[in-house]
Amino acid sequence: MLESFEVDTSFGSYKVKVGQGLHSKLQPKKHAMYLVDDYHLRGLKLPMESLIAIPALESSKNLDYMSSIIEKMRELGANRDTHVYAIGGGIIQDITTFVTSIYMRGLSWSYFPSTLLSMADSCIGGKSSINVRGYKNLIGNIYPPNEVFVDMDFCKTLGPDEIIGGLAEAVKICYARGPEVFEQYLQLDPLYPLIGENGVKVIFSALLAKKWFIEIDEFDRSERLLLNYGHTFGHALEASSNFEIAHGVAVALGMIVAIEYASLAAGLNGVGKDNSQRLGFYLQRLLSPLKVEIKAALQKIDMNTVFAKFEGDKKHRHTEYRMVIPSSEGGLVLFSSPKNNQTRSLIQKAYQQAFSVNDFLG
């Protein structure tokens, strides 16, 4: 089964293919260079003389390391005719997006995402985020690939937390797109493990939903900001756990907290067009295979640390907290609350209610 569509951007359009066995497209080619997550080196038959192996670590995603990759590309003979193939998850994507955009003022490139997070979300949109010294994601740009090949066979290399985290990002996008798309997503019953043709359908539906956001708000100024849903609350949990809670899982937990906060601060009550309770039920089902690990990680977290991390989120303004929460109309809304004791109390209460020992994950 193969699905495809095109994304229209100010850089031109590019094709996205979703299926199985697409890594067969990675045959040695003239003028090709390969930036590969070192985990996948053994499974791919690529010419070593034009390959750069990159550790898929956060420490690789820094400005100094970008310089070393550029130097290596030059040593291997990369020129303006070179086409770069990137194989890996979000870190490899960030690095390739940034490097290809500045090397000789821009090289063409193709992307083979290898994690479900990158397959379901980041592989389209063209954004990069690079760390500088101690500042995370301080710099970046937008430089989309010429083509994207989403090969579901890479899912065979992923653990439960990676599959579940990727599905959390997928449902986030579909929920943000609106009730009809969210309903279509739920009909696929996307849960761990994600295999076969149903996996292709799930990822294709999420990417089609994200395509709408990219084409209407390419540079992340308006509607596309809704895709931060779950991130403000979730990043605080992820960082407070010393990253014991994986990113995608943290986003799922963050969405649950956001539902609680919306009920406390905005009167969300799960009636009418409001689908937040259905989303919450789905997320609990999605997370249930990891409930022992999640509960253990949450028990170690100090809520004062969580709130300190929440306060430090770069999306907040000087006098107000900004977060994406569910709307009573069935979608999402960018919500602002003043930085005062009442808001802080509601935020802390939302975390506590979301993870109450009596009912969270059963």
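Observations on the model:
- Within segment 62-87, being closer than 14 Å to residue 110 by Cα and touching a helix residue (DSSP H, G or I) at 6+ places or on another chain (Cβ under 7 Å) holds for 84, 86, 87.
- As a summary of the residue check, residue 81 satisfies the conditions (1) over 17 Å from residue 140 (Cβ atoms); (2) of a type in the set (Asp, Glu); (3) assigned to a helix (DSSP H, G or I) except for the one numbered (3).
- Residue 122, sole failed condition from (1) touching a Leu at 6+ places or on another chain (Cβ under 6 Å); (2) crowded, with 18+ Cβ neighbours inside 10 Å: (1)
- Residue within segment 140-162 that is within 12 Å of the chain's Cα centre (by Cα) and closer than 30 Å to residue 326 by Cβ present: yes
- Residue among 154, 149, 204, 182 that is touching a Cys at 6+ places or on another chain (Cβ under 6 Å) and of a type in the set (Phe, Trp, Tyr): 182
- Considering segment 118-171, the qualifying strands (runs of 3 or more DSSP E), each wholly inside and each with 1 or more residues that are assigned by TED's automatic domain parsing to the domain that holds residue 12 and polar (S, T, N, Q), run over 130-132, 135-139.
- Taken over segment 263-309, residues that are part of a loop (DSSP other than H, G, I, E, B), surrounded by 13 or more Cβ atoms within 10 Å (Cβ to Cβ) and among the charged types (D, E, K, R) amount to 1.
- If you go through segment 32-61 and pick out every residue that is outside any helix (DSSP H, G or I) and touching a helix residue (DSSP H, G or I) at 6+ places or on another chain (Cβ under 9 Å), you end up with 15.
- For segment 239-252, residues that are closer than 17 Å to residue 287 by Cα, crowded, with 24+ Cβ neighbours inside 10 Å and of a type outside the set (A, V, I, L, M, F, W, C) total 1.
- The residue pairs whose first member lies in segment 209-226 and is within 14 Å of residue 16 (Cα to Cα), whose second member is assigned to a helix (DSSP H, G or I) and of a type outside the set (Val, Ile, Thr), and whose beta carbons are closer than 6 Å, counting only pairs six or more residues apart or on different chains, are 209/174; 209/177.
The values are calculated or read from the model by the stated rules, or taken from the named source; none is laboratory data. Since this is a predicted model, take the numbers as computed values, not measurements. Counting neighbours? That spans all protein chains shown, and the Cβs are built from the backbone with ideal geometry, glycine included.
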